[in-house]
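The next block holds one structure in the form of structure tokens; read it before the comments.
FYI, it's all coordinate maths here, none of it is from the lab. Everything numeric in this text was worked out from a predicted model, so none of it was measured. FYI the Cβ positions are ideal-geometry reconstructions off the backbone, even for glycines, and counts take in every protein chain you see.
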Amino acid sequence: MSVDLECQPCVSTRGKQKFQTNVSHFAAKLKLGGCMKISKLIGAVAFAAAALSAASASALELRYNRWLPPTHHLDVRVLKPYFDKIAEVTDGRVTVEFTNSSLGSQERQYELAATGVADITFFSESTTPGQFPLAEVVEMPFLGDDTEAVSVAYWRTYEKFFKETDPYKGTHLLTVASLPPYHIYNAKRDVTSIDGFEGLKLRAAGVIANEKVTALGATVVPAQITQFVELVSKGIVDGTYFTDDGIVAFGFLKNLKYKTEFKDGLGGFSISLGMNKAKWDQISPKDQAAIEEISGEALARKLGESLNQSVADAQKAMEDAGVTVTPADDAFMQAVRERIAPIEQGWIEQASKKGVDGAAALEFLRSEAASYSPE
């Protein structure tokens, strides 16, 4: 049976063209009431498809360059939940996916974000000496033992003193934080006074760290962190300037027997999370505001909290491994302060070249860290 697919009202306006088929008039079969209802159905489907297409086109998927190990606590406990939260607060309009492998070395992380090779990167300013002198504020000594407190205080210091200098060009800074306080670990002897550092060969990383180790009387041995176990086992290096959690994470417990512990630490290292500026500008003002709410101080707090937990776990592992921990006494601490004072003054002078009152910034950082109360 041949059937005209078009209803008579349609045919009357568009001519008498007919099509042959072996099925009944499908409008009648489906009880859609003829051509007009089919048109409405097609229109509704088309509208829904267009809306879905527009939503997909407006959604922004960002790539976070993963260079930390997939099981690293900062990825697992902080960054992954943070990226999930970005999707939540933007109703899916902005999402973040991890790359399967790193698009560049640790030293290139800031560059990757600034140039758009990656959309978001996690980087440490100490890996590019001289590029971020203001970030060295958290390498100053005796900021505090609580990494959460120091990290939040550091973010506030950045906002108050450093932000206007635009140090992270090409990126939108999502947060800054500090690594845990650094101490000195060695395989040779228990150091109970500043004279005990004489003759020790210590690995350190970064300009300020090298200056501090030298000021204490030890000899700096430049070496990649991945080379340390081999070097210390051969006696080329005696120890390192590092953090509790770093010692455990990199498997150094079997090589190091002694920790010299300084109240409030010898300083930390700056870590930052940045987004490519062009990508940030593609996000609507509404969604930018939503992302800002969960970034900045809130994210610095989360990073510091996770690092505090990592340090606590590491200290328990050191205790179980029988590491001798010697807290520096008052005389030892005073001698260290005197040796390191010129380094602090040098940073203040560097900050002034950037138009920043370094003394005020450092005082503010220490005050904020000391008065910090967790939420």
**Report entry** Hz values of 3J(HN,Hα) by residue in the range 307-322 - Karplus curve (6.51, -1.76, 1.60), Gly and Pro given as x
**Finding:** 5, 4, 5, 5, 5, 4, 5, 5, 5, 5, 5, 5, 4, 5, 7, x
Report summary line: Ranked output for segments 320-333, 255-268 by mean other Cβ atoms within 10 Å, highest leading, reads 255-268, 320-333
**Report entry** Hydrodynamic radius (Kirkwood) for the range 219-375, which is based on Cα pairs only, to one decimal in Å
**Finding:** 19.3 Å
Requested in this report: Report, largest value first, the span of the C-alpha coordinates of the range 254-302 along each principal axis, in whole Å.
Outcome: 53, 20, 18
Report task. Give 259/354; 286/353; 80/257; 160/279; 212/354; 188/302 a once-over and call out the pairs whose C-alpha atoms are over 32 Å from each other. Result -> 259/354; 286/353; 80/257; 188/302
Query raised in the report: Can you give the net charge of the other residues whose Cβ lies under 14 Å from the Cβ of residue 287, counting K and R as +1 and D and E as -1?
Result: -2
Query raised in the report: If one puts a single equal scatterer on every Cα of the range 321-375 and applies the Debye formula without solvent, what log₁₀ I(q)/I(0) results at q = 0.14, 0.15, 0.23 Å⁻¹?
Result: -0.62, -0.68, -0.94
Query raised in the report: Given H placed on each backbone N at 1.01 Å, which residues far from residue 119 in sequence or on other chains put an amide H within less than 5 Å of it?
Result: 63, 65
Query - residue 94 long-range amide H proximity, modeled H, under 5 Å - result: 60
**Report entry** Gain upon complete extension [residue 192, residue 375; 0.36 nm per residue less C-alpha separation]
**Finding:** 62.1 nm
Requested in this report: Note the direction-averaged projected area, equal to a quarter of the hull surface, for the Cα convex hull of the range 267-331, in nm².
Outcome: 7.2 nm²
Query raised in the report: Using the Karplus equation 6.51 cos²θ - 1.76 cosθ + 1.60 (θ = phi - 60°), what ³J(HN,Hα) coupling, rounded to whole Hz, does each residue of the range 200-217 give in order, writing x for Gly and Pro?
Result: 6, 9, 10, 7, 8, 10, x, 4, 5, 4, 4, 5, 5, 4, 5, 4, 6, x
Query raised in the report: For the range 258-310 and the range 152-188, what is the separation of their Cα centres, given in Å?
Result: 8 Å
Query raised in the report: With θ set to phi - 60° and the Karplus curve 6.51 cos²θ - 1.76 cosθ + 1.60, what are the ³J(HN,Hα) couplings of the range 342-352 in order, to the nearest whole Hz, using x for Gly and Pro?
Result: x, 5, 5, 5, x, 5, 4, 5, 5, 5, 4
